[in-house]
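S.K.: So that we are looking at the same thing, I have put the structure below in structure tokens.
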Amino acid sequence: MSAVSHGPTDDIERGATAPFHYAFHHDVPDEFVRLPEPTESDGWREAMAELLPGADAEARDAASEGLRRQLPLLSARENVLLTAMCVGTEEVDGGERLSMGLLAVTVRPSEHSPARRLFTAEGIYRATAKKFFSHVAEDRLEEISFPLGEGLQGPQDMVLATKLPCGPGVMSTSLRTLRLPPIEAGIAVPPLPMAALQLIVPAPHGYCVYVTISTPSVFLLDSYSARLAHIARTLGFGEPT
């Protein structure tokens, strides 16, 4: 596991004259490789070499170009502090299946005070289901039912209020079929099943941390849920000790 710190000198502009400051840290599973922003040209070749060590340069360049084009559809880009990806195989029912996940860590301003962190988490809990994939046009989404994503007690397990070492939070899972735009004119992309696992944690005051793992490997929800749970357990506010 690799440790990642955000802040304390970093800030994101809340408005024209009122920045909010953040300082928090967490671990990231080693299989995730940090990605540059889609608008940046530097760093993509190195990231693809780490993600696709067996591919040649032409295949890596093609993968990089496709990912940079699709990334804004797979992950909201506002106030992004970290974007990372993992690609590999995992065992499923005695066979090897492709495993692919996209991690995004973002912050959003909030007006809550330290005394109202729990109240803020409860409000997030009620509103979470409506916010999934809000950055994607409705005509590109379809609801899907997938038993492994519904928990032992049914769909109510999709949203969970939790008490973490750093404070109250909300963990949730959303399943959709995502329709991506054509790669080239006349070449349609098949609908892509997509699971989004999200952790939202109100900071002591001023902002909330959003950690989202998106994966088309919907048959590996347990595996990706464990990755998100590890990040949740290691999340802390302020400087790491």
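The values are calculated or read from the model by the stated rules, or taken from the named source; none is laboratory data. Everything quoted here is computed from the prediction, not taken from an experiment. Every residue, glycine as well, gets a Cβ built from its backbone with ideal geometry; the counts of neighbours run over all protein chains shown. Quick note on the areas: whole protein, heavy atoms, side chains included, nothing else; ligands and nucleic acids left out. Shrake-Rupley method; radii C 1.70, N 1.55, O 1.52, S 1.80 Å.
S.K.: What are the residues whose amide H is under 5 Å from the amide H of residue 81, where those residues sit 5 or more places off or on another chain and H is modelled from the backbone?
M.R.: Close amide H contacts, sequence-distant or interchain: 105, 106, 107.
S.K.: For residue 222, tell me the accessible area in Å² from a 1.4 Å probe, rounded to the nearest 10.
M.R.: Looks like 120 Å² after rounding.
S.K.: If you count, for each residue, the other Cβ atoms within 10 Å and average over each peptide, how do 189-197, 33-41, 21-29 line up from highest to lowest? Present the calculation step by step, with values, prior to reporting the outcome.
M.R.: Values: 189-197: 17.7, 33-41: 14.9, 21-29: 19.8.
Averaged packing, sorted descending, gives the order 21-29, 189-197, 33-41.
S.K.: Follow-up. Through the Karplus equation 6.51 cos²θ - 1.76 cosθ + 1.60, θ set to phi - 60°, convert the phi angles of the stretch 80-88 into ³J(HN,Hα) values in whole Hz; use x for Gly and Pro.
M.R.: Couplings: 7, 9, 8, 10, 9, 9, 10, 9, x Hz.
S.K.: Taking R0 as 22 Å, what FRET efficiency do you get between residue 57 and residue 34 from their Cβ-Cβ distance, rounded to the nearest 0.05?
M.R.: Numbers: r = 20 Å, r/R0 = 0.93.
Plugging the Cβ-Cβ distance into 1/(1 + (r/R0)^6) gives 0.60.
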